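Quick note: the coordinates plus some simple rules give every number you see, no bench work behind them. Source: prediction; values computed, not measured. Don't worry about glycine lacking a Cβ; one is built from the backbone with ideal geometry, like all the others, and counts go over all protein chains shown.
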Amino acid sequence: MTGEGLTLAQQLPALQIVLPLTGAALCALIDRRNVGWAIATLVSFAMPVISVMLLIQVLTTGPVSYAFGGWEPPYGIEYRVDVINGFLLVLISLMGAVVMPYARRSVASEIAENKQAWFYCVYLLCLAGLLGMAITGDAFNAFVFMEVSSLSMYVLIALGNDRRALVAAYQYLILGTIGATFYVIGVGLLFAMTGTLNFVDMAERIVAVEQTRPVLAALAFITVGMCLKLALFPLHVWLPNAYTGAPSVATVFIASTATKVAVYLLLRYYYSIFGAAFVFDDLPVTPILLILSLAGMFVASAVAIFQSNIKRMLAYSSVAQIGYITLGMAEATRLGLTGSIVHLFNHAMMKGALFMVMGCIAYRIGNCRLNNMAGIGRRMPVTMAAFVIAGLSLIGVPGTVGFISKWYLALAAFENGWWWLAFLIMGSSFLAVIYIGRVIEMAWFREPTGPAAEATEPPLSMLIPTWILAGACIVFGLDAEMTAGVAAQAADALFAGLR
Amino acid sequence: MRVDVVLRVVTKLLLPFILLFGLYVQFHGEIGPGGGFQAGVIVGACIILYAIMFGLDRAMRVLSVTAVEKMISLGVLLYLGTGFAGMVMGGEFLNYSVLQHDPVHGQHLGITLIELGVLVTVAGTMVAIFYAFAGRGR
């Protein structure tokens, strides 16, 4: 037992998870929508404070470890924060904090009144689950948090006022459960071979059994399971329906965090536990990921062009953007990984901003159909300007965050001698030009007709968060020192491994 | 609502014993098979049996839908509260050893409290699921 007199700073890893859980229970207990919103906002604002303090602690003094319940790792559950999951915690908690002020009006207009307190309860559970997946240093605990976040996500999606949201939630439930089951089968095999669930301990013990068949099977199961969760191209079918049907706030939050955490967990297994040499040199993971990522980038972008519902279009674009992230993983170099990790952050900023704009439009005209948006840019100029900025960022125009990620990915491609890949990255950006351009043309270059003619700017509580994210697309695009710097450190830490 | 007299009498006789057995499983769970989850299911089953025998309305008079919903979150809060108590007393979250003067008593108290939280939540959830299905179409 080490637990004599821990300071508040040492308790931070536990508070990061326990505060949203407590908030969720309180929301459900009190069951008043305003109180629920207040609790959720308070907790969401506390989260980035904790995660930034943790990241600073990690950057100055190295990884932070927390023995849950006082049971020493590797026997007990360990919470372990290093540069990469510290970065991810900051990303998730920032998104939570930006979304909450926006949520009040949007939720009030989209969700039945008696369900709003429950919405905040489930949102906090989802936040706790995602943060928990990122912070834990225990393979099975990660599964538990994966289920906490997934189950709450199914509910968040099903709360959408469209009946199709129920089908989408059900579809996600089936596929998400398959993904989680595959993950836990992989963990079970690893546990059988190494006798431990602690990531650090597992990384040490796996060396002796690396080339055995169960470990190979575990790698395959975990890869497929996590790729389902992160919506890699052929396993992405749940994503467009889920993002389209969910309430606007849920879409913003899920789109900018959920798939990112799954990417993190896959990176953790590839680099920290199995080891980059085993995964990328001994096994053909690189070509598999490369082909699927490229297929995702092109097919999903092409499908996005033909969507009439803009939320759905952006959802397909998310599948394409996931392709960029896994592409960086497939490149398996320091630069590629930096691009991949920085794109986790950058994609969250721009997709968050774009979905927030869609939420504003849904708040005013009730849906996100493209042909209802004719001339809406003239009625909601401030909102649609945010769409243009985030859209340009999605395309990858220099001066925006999208450019930073693509720059690193292209550099890594040249470094590997895959010059053709750099051209393919550029090529898929042109598809983004088309689908973003369609919306911009419709919104800005037509006379306002139909529902768009009566639309006005959304309330400030929705406009300001939208512009915070759109502004972040520019700020971190002009000065990538901080994001790319931390991402590069995270890539170094991943290559160094846990051993 | 008329139910067969044998069923009614036997149910009424059984109910207190079911509850007692639930509590036995709860408190014995620490040193033998059992625990909060199993005990919660047994307590929930007690209410469900009552509802099946005497109708949903009478069951809801005993334990209203609101009360059931509050039980779900109160149990979780008891669990979390035990964890926070460990933190306040200077240990990690859910470190029971610091709850009392010596670790053995602390662990004893901590486990009892969190299992009680589990019992309340699980019993509440079981009854809530039953109410949700039984109350459909009303």
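Think of each Lys and Arg Cβ as +1 and each Asp and Glu Cβ as -1; about the Cα centre, that makes the dipole of chain B roughly 820 debye.
If the segment from A:ASN114 to A:ILE440 were pulled out straight at 0.36 nm per residue, it would be longer than the present Cα-Cα gap by 113.6 nm. Between the helical axis of A:285-295 and the dominant principal axis of chain A, each derived from Cα atoms, what acute angle in degrees is found, rounded to the nearest 10? Computed tilt is about 0 degrees. Binning the alpha carbon pair distances of the protein assembly as shown at 10 angstrom intervals from zero yields the distribution 3, 15, 25, 25, 17, 9, 3, 1, 0, expressed in whole percent. Within 10 Å of the Cβ of each residue in A:66-76, the mean number of Cβ atoms contributed by other protein chains is 4. Here the spin labels are modelled as points 7 Å beyond Cα on the Cα-Cβ line, and at B:LEU49 and B:THR66 they lie 2.9 nm apart. Look at the dipole of the stretch A:1-283 built from charges on Cβ: of A:ALA246, A:ILE273, A:ILE50, the Cα furthest out on the positive end belongs to A:ALA246.
A Förster distance of 41 Å, applied to the separation of the beta-carbon atoms of A:ASP281 and A:TYR75, puts the FRET efficiency at 0.80. Which listed residue (B:ALA85, B:SER73, B:ALA59) has the Cα farthest towards the positive end of the charge dipole for chain B, taking +1 on Lys and Arg C-beta and -1 on Asp and Glu C-beta about the Cα centre? Towards the positive end, the residue furthest out is B:ALA59. Among residues other than A:SER51 with Cβ under 15 Å from its Cβ, the summed charge is +1 (Lys and Arg +1, Asp and Glu -1). Between the helical axis of B:103-134 and the longest alpha-carbon principal axis of chain B there is an angle of about 30 degrees. Remark on the stretch A:312-403: Rg and Dmax equal 15.0, 47 Å (Cα only). Here the simple spin-label model places points 7 Å from the Cα toward Cβ, and for B:GLU30 and A:ALA496 these points are separated by 4.5 nm. When the alpha carbon gyration tensor of the stretch A:1-283 is reduced to an equivalent ellipsoid, its three semi-axes come out at 32, 24, 14 angstrom, largest first.
Regarding the stretch A:187-343, what whole-number volume in Å³ per residue does the convex hull of its Cα atoms give?
So the per-residue hull volume is 109 Å³.
Under 12 Å from the Cβ of A:ALA487, count the other residues' Cβ atoms, weight Lys and Arg +1, Asp and Glu -1, and hand me the total.
-1
Considering only A:THR456, A:LEU89, B:GLY110, the residue lying farthest towards the positive end of the dipole of the protein assembly as shown is A:THR456, judged by Cα position with unit charges set on Cβ.
Bridging of A:LYS260 to lysines at a Cα separation below 20 Å is possible for A:LYS229, A:LYS311, A:LYS351, A:LYS406, once same-chain residues fewer than 8 apart are set aside. Eigen-decomposition of the gyration tensor built on the alpha-carbon atoms of the stretch B:5-134 gives equivalent ellipsoid semi-axes of 33, 17, 8 angstrom, largest listed first.
With N the number of residues in the stretch A:57-162, Rg(Cα) / (2.2 N^0.38 Å) evaluates to 1.26.
R0 = 41 Å: FRET efficiency of A:SER308 with A:ALA192, Cβ-based, nearest 0.05? Using R0 = 41 Å, I get an efficiency of 0.25. Packing order of peptides B:33-45, B:54-66, A:50-62, highest average first: B:33-45, A:50-62, B:54-66 (average count of other Cβ atoms within 10 Å over each peptide's residues). Overall, chain A carries a charge dipole of about 1400 debye about its Cα centre when +1 sits on the Cβ of Lys and Arg and -1 on the Cβ of Asp and Glu, all other atoms neutral. Efficiency by 1/(1 + (r/R0)^6): what FRET value for A:ASP479 and A:THR60, r their Cβ-Cβ distance, R0 = 30 Å, to the nearest 0.05? Using R0 = 30 Å, I get an efficiency of 0.90.
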